[in-house]
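The values are calculated or read from the model by the stated rules, or taken from the named source; none is laboratory data. Bear in mind the structure is a predicted one, so any value in this text is a computation, not a measurement. Glycine gets a Cβ as well: all are built from the backbone with ideal geometry, and neighbour counts include every protein chain shown.
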Amino acid sequence: MRQLFSFALLSFVSFSSLLSSASAAAADYHEQLVLRPLPLSALLASFNFRSNTSLSEFEAHNFRFFPRSLGQILQHAGTQELHLRFSLGRWDSESWGARPWGGAREGGTGVELWAWLQAATDEEADHKWLTLTNALSGLFCASLNFIDGTRTTRPVMSFQPEGDHLNMTAADTHLLYGVLPHEVVCTENLTPFLKLLPCKGKAGIATLLDGHKLFDASWQSMAIDVKPICPAGAECVLQIELTIDMVLDIDRSKRPRGNPIPRPPPGHELPCNTSKPYHAPDTCFPTDHQANQDWTLSQIFGRTMKGTCPLTDPAVPPVCLHVPDSRSVFHSDGVLEKKNLDRVSRCFEIQPDVDFEIVLPAPEDESAVVVKPETPLLYAERSFTGHGQERGGVQTILHNPSPDTEVEFVYMESLPWFMRIYLHTMSARIQGQTAKDDSLIKEVYYRPAVDRARGTQLEVRMRVPPASTVFLIYDFEKSILRYTEYPPDANRGFDVAAAVITILSPAAYNLRTTSLLCSLPTPDFSMPYNVIIFTSTAIALAFGGMFNILVRRFVAADEGPEVGLAALKKRIQERVGLLVEKLKKGKTGNASDESGTKPDKLETVDTAQSIEGALKE
Amino acid sequence: MKLSSLLLPAFLLAGPSLAEHTSNWAVLVCTSRFWFNYRHLANVLSIYRTVKRLGIPDSQIILMLPDDMACNPRNAFPGTVYSNADRAVDLYGDNIEVDYRGYEVTVENFIRLLTDRVGEEMPRSKRLLTDDRSNILVYMTGHGGNEFLKFQDAEEIGAWDLADAFEQMWEKRRYHEILFMIDTCQANTMYSKLYSPNIIATGSSELDQSSYSHHADNDIGVAVIDRYTYYNLEFLESEVKDTSSKKTVGDLFDSYTYEKIHSHAGVRYDLFKGGAEEARRRLVTDFFGNVQNVEVDSGKGETNASFEEEMVRLSRTIAELHTRAEEQEAAKRNATASAAKTGKKQQQPRKIPRVAKPLTDDNWWTKKIVGATALAGCAALWGLGSYLEGVV
């Protein structure tokens, strides 16, 4: 009996250990920081945190590395795949080159959200979308609940699922896309982001994430991607990837936090250009600021990295640095530096409980300071044209830098309903040619706006021939909003979301234009008050006049009482006379009367009446 | 045996503590937008830091910030908000949760929050999930006037609106005691209309008095805090070091002087049960701190019986509602069935296409022919008309 029991126990233990080892194989986590110095004293820092959870465990509410708060929301809203972006600033592709992750981990300015939801009907999908946006708004402290019908679109060509959806059919999976271009991204969005990480920003590369530096960056993008991945012959896993990319200005980052305002240094500290002929002890021509590429990790991020997250996969080096091999880099003890085969990058293996610090001294060789950034497949720039408050135009300049490859892409705009576009004015032409070229636009998907119910959705599949620039233009009309529809800062203008460009060939690449600020005609908001005041005045005048006519008796001037200085004099005399009389009476009354106050009172009433009578006269 | 003897005094203590609160909540509202109102956000954030310092968790703080000062391009100190020119404490810090921000800060949302009349999709973090044992600190700041407070320079909340919201909260048993603080011009008029019990109210200035800012920071470029909030904070920082502090609300109110605040701060006790004396005896930490008084169920038969009775009654009501709903459903079904029988055409919900349509030239000729026919028809009509005119 006892043996049997022990056998059962043993088998149970072995079974459970088997289970746990299986789950450990399915659930993994790794994090990596890639530092890439860019030209013009910029530094790109890409933080990537990725964890996998097997789909069966996820469905059994067995969360290990997957954040429970997010997991429950996804399950509740029937979300198959989710992409959430918080971005700020502009990626300067002219100097910084191609975007990190091929542009797949970035969003337009503000907040962007797209998700594949499982729902039988469109209405159900809308309802789930409402649930999802509201729940995420609570989780990420952002106004995602403002993604309503007017800001939601269902893109046809632009977005393709990144994950493997085995049992997905077109009928019951809905792609919804919402964007809030005006949403600010700040520390309150980073706080919940860090709480989703297994190490919560207490260890590993996440310790470098500081709101003060992140939101001082020239460009930054926080991304959350959740997608199922089904490797061949293995169980499907749900992957969550959290990514933060930021481009820091090294000069600005090195300023002390308490004193970030650049002030001119005192005269004796000024570096002078001694080659100038007028250089003298009292005259100084300041030298240009060198593009300084010497920095340390703690200068840039304001703190050193505190070890590594103990949960992370040790096979993945936590920090990598992309500088030419010829540059010398110093690092703290207990760190193993490994140069990669490509000769332009190196990675660092860090002990779990060692503070990590790297120092990049000023480069000796000026030619090999940074790795030359890759040229992007396409440059895009969008701006408003036209003038006035009534109508305008949008012009997008698309430049293909490649000398021999044609670029084909989908250009997507989701415009607010108050920008009514004239679709017939949409045309594309190649720079240098005046006539429009119909062969550039291959396909157009269009869904017109409905006032106050939905925005315009425009998807254009087009191509740009090699080494040429294409202008895509269209006109629009601005509608006039109702008085209550204006936001409190209406005069600032209304943000128009970034256009999403998805390159189909020669390679997958994404980019977004900047958002636009559309100024609508704003009314004078004090107008209703002016109207109220004016109407009240008019009514008061009319009513006052009428009332006077009704209750007053009008007499000729000579019939009325005298007016003028003489009349005033007479009046004063009368009053003085009355006062004197009253005083006399009072004296006699006080002297004679002992019986009580009653007659006294009566007397005063009398005098009051007599005064009144005198005044009336 | 020993355990029971230990528990006994605890039970005895639990008796008088029945009237105490078991949770603390804070509703901190800034109502001003735009950079030059930096000080109002700093006011609210300094109170936020104080209540957090005294132990109220983020989940029990509702923070409303209508504008973004920390990441504002005008801010020379990105990611920070300071309430003092010495810039010793960064109020924005590393860990902050803003529940309502930007355009979400409206009068409607504020009243919905207080009265909990929200949609089912509203996440828990944006709701005030209080009960009749919750003490609430309601702090408001912004620009106001006689019996109103402006929200984002676009709308106003009136003193009556606020009073009615509090009354609704009282009727719904959503609070135990409220400390209402307001820092705005003519602030005392805002609480003059309150009429619900157990509210202590205080404001920064009387009718026709302005509420002034304390000082400005030259690098930030604007005033950083208001006087009333500044001296409140001074008291809270220096006298209420932790939750064990025995300083009372009366001590806090006594620290207000005209010399410091430059306006007459007001206090209203008359709504409180027991009046001024009882109200002044409340601890500062009863509202600013998180003091969790655990209530032990007495476990007596009587209370259980009444509870069970209540449950039975409740379940009966639920059953009744169920049957009523079923009846309605059945009636509706009958109605639709009869409608179908009579052959009446059922109104189909109009199918709205959700997805963008491709622009194609498929039936280009058809479209042209339709257009041409219409034009020709018009021309024929006109010709016929002029011909007939000529005939007559």
Exercise. Any residue at all in the stretch A:527-542 that is more than 30 Å from A:Val444 (Cα to Cα) and either over 60 Å from the mean Cα position of the chain (by Cα) or not in a helix (DSSP H, G or I) (or both)?
Worked result: no
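Being within 30 Å of A:Gly201 (Cα to Cα), within 14 Å of chain B (Cβ to nearest Cβ) and in a loop (DSSP other than H, G, I, E, B): is that true of A:Arg257 here? Outline the logic, then answer.
On the way: within 30 Å of A:Gly201 (Cα to Cα): yes; within 14 Å of chain B (Cβ to nearest Cβ): yes; in a loop (DSSP other than H, G, I, E, B): yes.
Yes: the conditions hold for A:Arg257.
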Problem set entry | Index of the failed condition, B:Arg74 passing every other in (1) within 13 Å of another protein chain (Cβ to nearest Cβ); (2) charged (D, E, K, R); (3) within 25 Å of B:Leu162 (Cβ to Cβ) | (3)
Exercise. Pairs under 8 Å by beta carbon, first residue more than 30 Å from A:Ser158 (Cβ to Cβ) in the stretch B:354-377, partner surrounded by 10 or more Cβ atoms within 10 Å (Cβ to Cβ) and at pLDDT 90 or above, six or more apart or different chains?
Worked result: none
Problem set entry | Failed criterion for B:Val224 (all others in (1) assigned to a helix (DSSP H, G or I); (2) within 28 Å of B:Trp35 (Cβ to Cβ); (3) within 27 Å of the chain's Cα centre (by Cα) hold) | (1)
Exercise. If A:Lys436 satisfies every condition in (1) away from chain B (no Cβ under 14 Å); (2) within 30 Å of B:Phe151 (Cα to Cα); (3) among the basic types (Lys, Arg) but one, which is the exception?
Worked result: (2)
Problem set entry | Residue count for the stretch A:443-478, restricted to those that are within 11 Å of chain B (Cβ to nearest Cβ) and either assigned to a strand (DSSP E or B) or free of Cβ contacts under 8 Å to residues at least 60 places away in the same chain (or both) | 14
Problem set entry | B:Leu54 being under 25 Å from B:Met122 (Cβ atoms) and touching a Leu at 6+ places or on another chain (Cβ under 9 Å) | no
Seminar exercise, completed: Within the stretch B:77-98, the count of residues that are within 24 Å of the chain's Cα centre (by Cα) and among the hydrophobic types (A, V, I, L, M, F, W, C) comes to 4
For this session: Go through the stretch A:112-130 residue by residue and tally those that are farther than 14 Å from A:Tyr177 by Cα and either of a type in the set (Val, Ile, Thr) or part of a strand (DSSP E or B) (or both).
Result: 2
Exercise. For residues in the stretch A:200-236 being part of a loop (DSSP other than H, G, I, E, B) and of a type in the set (A, V, I, L, M, F, W, C), which is nearest to the other protein chains (Cβ to nearest Cβ)?
Worked result: A:Phe215
Problem set entry | Lone qualifier among A:Leu166, A:Leu197 - being assigned to a loop (DSSP other than H, G, I, E, B), among the aliphatic types (A, V, I, L, M), modelled with pLDDT of 90 or more and farther than 29 Å from A:Ser93 by Cβ | A:Leu197
For this session: Please enumerate the residues belonging to the stretch A:137-161 that are at the interface with another protein chain (Cβ under 10 Å from one of its Cβ atoms) and of a type in the set (S, T, N, Q).
Result: A:Ser137, A:Ser143, A:Asn145, A:Thr152, A:Thr153
Problem set entry | Filter pass, A:Gly108 being among the small types (Gly, Ala, Ser) and in a helix (DSSP H, G or I) | no
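Any residue that is charged (D, E, K, R), in contact with a strand residue (DSSP E or B) (Cβ under 7 Å, 6 or more places away or on another chain), within 25 Å of A:Tyr29 (Cβ to Cβ) and surrounded by fewer than 15 Cβ atoms within 10 Å (Cβ to Cβ) - is there at least one of those in the stretch A:299-321?
Yes, the conditions are met somewhere in the stretch A:299-321.
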For this session: Working only within the stretch B:111-127, note down all residues that are closer than 12 Å to B:Leu63 by Cβ and either more than 12 Å from chain A (Cβ to nearest Cβ) or in a strand (DSSP E or B) (or both).
Result: B:Leu113
For this session: With a cut-off of at least 1 residues that are in contact with a Cys (Cβ under 7 Å, 6 or more places away or on another chain), name the strands (runs of 3 or more DSSP E) lying wholly within the stretch A:325-365.
Result: A:335-339, A:346-350
Problem set entry | Checklist (1) within 33 Å of the chain's Cα centre (by Cα); (2) closer than 25 Å to A:Asp404 by Cβ; (3) surrounded by fewer than 16 Cβ atoms within 10 Å (Cβ to Cβ) applied to A:Ala453, failing item | (2)
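Residue-by-condition table, conditions (1) at pLDDT 90 or above; (2) buried (at least 22 other Cβ atoms within 10 Å of the Cβ); (3) in contact with a strand residue (DSSP E or B) (Cβ under 8 Å, 6 or more places away or on another chain):
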| position | (1), (2), (3) |
| --- | --- |
| A:Ala98 | yes, no, yes |
| A:Trp101 | yes, no, yes |
| A:Ala104 | yes, no, yes |
| A:Glu112 | yes, yes, yes |
| A:Trp116 | yes, yes, yes |
| A:Thr133 | yes, yes, yes |
| A:Leu136 | yes, yes, yes |
| A:Gly149 | no, no, yes |
| A:Arg154 | yes, no, yes |
Exercise. How many residues does the stretch A:110-136 contain that are touching a helix residue (DSSP H, G or I) at 6+ places or on another chain (Cβ under 6 Å), within 12 Å of chain B (Cβ to nearest Cβ) and in contact (Cβ under 8 Å) with a residue 40 or more places away in the chain?
Worked result: 4
Problem set entry | First in the stretch A:84-109 and away from chain B (no Cβ under 14 Å) and in contact (Cβ under 8 Å) with a residue 12 or more places away in the chain, second anywhere and of a type in the set (Phe, Trp, Tyr) and assigned to a loop (DSSP other than H, G, I, E, B), Cβ under 8 Å, 6 or more apart | A:Arg99/A:Trp91; A:Glu106/A:Trp91
Exercise. In this structure, is A:Met222 touching a Phe, Trp or Tyr at 6+ places or on another chain (Cβ under 9 Å) and closer than 28 Å to A:Val111 by Cα?
Worked result: yes
Exercise. Do any residues in the stretch A:547-571 that are exposed (fewer than 10 other Cβ atoms within 10 Å of the Cβ) have Cβ atoms under 9 Å from those of residues that are of a type in the set (Gly, Ala, Ser), where the two are at least six apart or on different chains, and which pairs are they?
Worked result: A:Pro561/A:Ala567; A:Val563/A:Ala557
For this session: Look through A:Val369, A:Val359, A:Val354, A:Val407 and report the one residue that is over 28 Å from A:Pro324 (Cβ atoms) and surrounded by 14 or more Cβ atoms within 10 Å (Cβ to Cβ).
Result: A:Val407
